[in-house]
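Participant: Sending over a structure as structure tokens; questions will come in a sec.
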Amino acid sequence: MAKECIKARQRKREALVDKYAAKRAALKKAGDYIALSKLPRNSSKVRLRNRCKMTGRARAYSRQFGISRLVFREWALNGKIPGVTKSSW
């Protein structure tokens with residue numbers, strides 16, 4: 001499980017990305033890279049990291065479900081994800 005400060009930092013970055021998205025797009029379209037460089041660095045979308053919604057884990061993240069492999073396995077075995085069953089052959 002990730003530290004609370006790491007999860008809080010990620011939420012802060014997500015808020016900044018949402019806040020400056022339109023302004024960044026307009027500056028990029030205009031080609032004004034000097035003004036773009038004066039915006040907060042954390043307002044750039046590339047600084048975001050995909051994290052598990054439950055634990056905050058950054059590695060082994062599944063985009064389709066928005067959770068890490070560990071949480072996915074636990075939920076799938078408990079039947080909490082519809083349509084997912086353990087395979088056997």
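The values are calculated or read from the model by the stated rules, or taken from the named source; none is laboratory data. Keep in mind that this is a model prediction, so the values were computed, not measured. Ideal geometry is used to build each Cβ from the backbone, glycine not excepted, and the neighbour counts take in all protein chains shown.
Participant: Determine which single condition LEU36 fails, assuming it passes every other condition in (1) at pLDDT 95 or above; (2) out of contact with any helix residue (DSSP H, G or I) (no Cβ under 9 Å at 6 or more places or on another chain).
Facilitator: (2)
Participant: In addition: Output the residues belonging to region 1-57 that are hydrophobic (A, V, I, L, M, F, W, C), in a helix (DSSP H, G or I) and under 22 Å from ARG69 (Cβ atoms).
Facilitator: Residue satisfying the conditions is ILE6 alone.
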